[in-house]
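Novice: One structure, as structure tokens, below. Some questions next.
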Amino acid sequence: MARLVTKALIILLVGISAAHAQVLEPIRYTLRFPAPHTHYVEVEAAIPTGGRPQVEVYMATWTPGSYLIREYERHVEAVTASVGARSLGVEKSTKNRWRITTGGAANVTLRYKVYGREMTVRNNWVESSFAMINGAPTFLTLVERAARPHEVRIESAPAWKSVQTALAPIAGSRNAFRAEDFDTIIDSPIVIGNPVTREFTVDGKKHVVVFEGDTAFIDADRAVADVQKIVHAGKDVMGSLPYPHYYFITMVTEASGALEHKNSYLGMTGRYATRSRGAYMGWLGTLAHEYFHAWNVKRLRPIELGPFDYENENYVKTLWVAEGFTDYYADILPRRAAISTRDEFLDGLSSQIEQVQVTPGRLVTPVNMASFDTWIKQYRPDENTANTTVNYYPKGAVIAFLLDAKIRKATNGTRTLDTGMQWAMQRYSGDKGYTPAQFYTVMSEAAGVDLKDWFARTAESTEELDYTEALEFYGLRFSPVDPKTAPPFIGGGTRNDNGRLVITAVRRGTPGLDAGLNVDDEILAIDDVRVRADGLGARLAQYRPGDKISVLVARRDRLMKIDVTLGADPGRPWRLEQAPDATDEQKARFETLMNGR
Ligand SMILES: [Zn+2]
């Protein structure tokens, strides 16, 4: 009680109304699935009102980690409120808010239904065999700034045997959970059904690997053995495990995508994810990425990412750290866990560099502004995206690679990027958050040299990245490409649209753009000879770079001929390999990068 009084005084002092100070009673939700085959979850919420005549509730419009306004409230229906048998007035006040007239009741019961049939990490899915519930599209909460507990009790459909979530169970219950605040319930997906689960313990902390969906082909034993190695590799990088327990939740649903949470991650994969090397390493790489977020972004975070405004865009300029550095470690962890090979690691790194270097938009938008504009660009790509912006995932990963080499070189290998990340974690995790300048400072301290100007060039300008230092340090080079053997090319992309050869992208700096080919043009013939939908490459192979060809296209059904002077395919000049003259010392440095210390 004494603590409560103190808290009330503090809240009063910071200017929040006295009513808020007293209303730390939880909101208590019950989720029911009376007809899961209809894809609905029914929600009942006991809402404390603090005796106010009116309260307003809202649904989040986006999910942290996935930076786009998603308008979850469109799946909410049949919102009613009552006290006992007495109905209360409920009025929709904005697209995602409802105002309840309480009549002075201390507690009101809010009921509504939510449609869930979107197999993405943001939304809900309810069907006869399982339910996947995410917080943002499910829980209406009070419009207030208090850190109010949120409790949820699950009434499973009869066929479902278990509930999997990183939420803390209420003592003695297997289906009731407590979140200390709204952020926590938003951040804790819940899967209810009959999943395959495996558990292991590291540092006394429970780790649960969960597969739900079509699990018949999933090799859970192989998976859990490797996940355990990833956990150890993560701990070696960051020094300790930052969570009370962790849930790795995979929906085996032929969908894709994954999202980080503080004490769990939720992802989707195909039923054969553990059957082939490529699919398995893809699944494990994604898992390593989301798992590394338990440190980088869920705890060590940009200052703008908390407290969240769940109804508006939250602008942030350092997602290249939050996502890109995480992507760098997503390649490092499986290698240090001795799961991926040296070649797979080099291939992953090469792919990150290649993605940056073939994107014309890297010369238009600095990566910090690509981060800022994520709300309008990253999650809404169109045919011109690559021309105007750069993806902060690969560019951030490449900056991490360059920075790691810089720190190692400057400190004679006594410190690494791991050191910088540990120091940043110690200084800025939790409620603090870092500004870009603070992040640059901590990394400069790890390197023992001022890197402010280097960060300004790499992250805040469109200057080309300089690979010289890192490649020299590790004894690497880009595999030479012989320009004399380059095949002819137009540039851009095409798709086979039911037998029609349709242009999907025209990139800057390519013959196609210069000649005036447009996205959605259907290519019919080259030099008056028909081109089939799958025959463009074979046809172009009949020509040489510099040849002029006449391309017959249909543009909105109007036929036209466009002359194109073929260029030389740049090939893949961004594939890393060991330099033939690499010294033992250089080779040893690269081995150290891949193996940890
Ligand atoms: Zn991520």
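Novice: Considering the range 266-282 alone, what residues qualify as being free of Cβ contacts under 8 Å to residues at least 40 places away in the same chain and either basic (Lys, Arg) or under 23 Å from residue 63 (Cα atoms) (or both)?
Specialist: Result: 269, 277.
Novice: Further question on the same structure: Return yes or no: is residue 350 over 18 Å from the mean Cα position of the chain (by Cα), assigned to a loop (DSSP other than H, G, I, E, B), away from the ligand (no atom under 15 Å from the Cβ) and surrounded by 17 or more Cβ atoms within 10 Å (Cβ to Cβ)?
Specialist: no
Novice: I need the full set of residues from the range 123-168 which are modelled with pLDDT under 95 and out of contact with any Asp or Glu (no Cβ under 6 Å at 6 or more places or on another chain), in order please.
Specialist: Those that are modelled with pLDDT under 95 and out of contact with any Asp or Glu (no Cβ under 6 Å at 6 or more places or on another chain): 144, 145, 146.
Novice: With respect to residue 286, determine if the residue is at pLDDT 95 or above, in a helix (DSSP H, G or I) and within 16 Å of the ligand (Cβ to nearest atom).
Specialist: Judged against the criteria, residue 286 is a match.
Novice: Moving on. Hey, does the range 325-339 have a residue that's touching a helix residue (DSSP H, G or I) at 6+ places or on another chain (Cβ under 9 Å) and surrounded by fewer than 21 Cβ atoms within 10 Å (Cβ to Cβ)?
Specialist: Yes, that holds for at least one residue.
Novice: Find all pairs meeting these conditions: Cβ atoms under 7 angstrom apart; at least six residues apart or on different chains; first residue within the range 454-471 and farther than 15 Å from residue 321 by Cβ and without any contact (Cβ under 8 Å) to a residue 40 or more places away in the chain; second residue in a loop (DSSP other than H, G, I, E, B) and among the acidic types (Asp, Glu).
Specialist: Hits for this filter: 457/463.
Novice: Quick one: in the range 247-281, of everything that is surrounded by fewer than 18 Cβ atoms within 10 Å (Cβ to Cβ) and within 15 Å of the ligand (Cβ to nearest atom), which residue is farthest from the chain's Cα centre (by Cα)?
Specialist: Filtering the range 247-281 for residues that are surrounded by fewer than 18 Cβ atoms within 10 Å (Cβ to Cβ) and within 15 Å of the ligand (Cβ to nearest atom), the one farthest from the chain's Cα centre (by Cα) comes out as 256.
Novice: Search the range 371-404 for residues being acidic (Asp, Glu) and modelled with pLDDT under 95, and hand back the single one that is farthest from the ligand (Cβ to nearest atom).
Specialist: 383
Novice: How many residues does the range 369-392 hold that are in a helix (DSSP H, G or I) and either farther than 20 Å from residue 69 by Cα or without any contact (Cβ under 8 Å) to a residue 24 or more places away in the chain (or both)?
Specialist: Result for the range 369-392: 4.
Novice: Another question about this same structure. Can you confirm whether the range 502-521 contains a residue that is part of a strand (DSSP E or B) and touching a residue at least 60 places away in the same chain (Cβ under 8 Å)?
Specialist: The answer is yes; a qualifying residue exists.
Novice: Between a first residue in the range 56-78 that is touching a residue at least 60 places away in the same chain (Cβ under 8 Å) and more than 29 Å from residue 392 (Cα to Cα) and a second residue that is surrounded by fewer than 19 Cβ atoms within 10 Å (Cβ to Cβ) and aromatic (Phe, Trp, Tyr), which pairs have beta carbons less than 8 Å apart while being 6 or more apart in sequence or on different chains?
Specialist: Between residues of the range 56-78 that are touching a residue at least 60 places away in the same chain (Cβ under 8 Å) and more than 29 Å from residue 392 (Cα to Cα) and residues that are surrounded by fewer than 19 Cβ atoms within 10 Å (Cβ to Cβ) and aromatic (Phe, Trp, Tyr), the close pairs are 75/115.
Novice: Please pick out the residue among 576, 566 that is in contact (Cβ under 8 Å) with a residue 60 or more places away in the chain, out of contact with any Gly (no Cβ under 7 Å at 6 or more places or on another chain) and aliphatic (A, V, I, L, M).
Specialist: The conditions single out 576.
Novice: Follow-up question, since we're still on this one. Among 139, 177, 182, which is the only one that is of a type outside the set (S, T, N, Q), crowded, with 18+ Cβ neighbours inside 10 Å and in contact with a Leu (Cβ under 8 Å, 6 or more places away or on another chain)?
Specialist: Sole residue among the options that is of a type outside the set (S, T, N, Q), crowded, with 18+ Cβ neighbours inside 10 Å and in contact with a Leu (Cβ under 8 Å, 6 or more places away or on another chain): 177.
The values are calculated or read from the model by the stated rules, or taken from the named source; none is laboratory data. Only a predicted model underlies this, so the values are computations on that prediction, with no experimental measurement involved. Quick reminder, even Gly has a Cβ in these numbers, built from the backbone with ideal geometry, and neighbours come from all protein chains shown.
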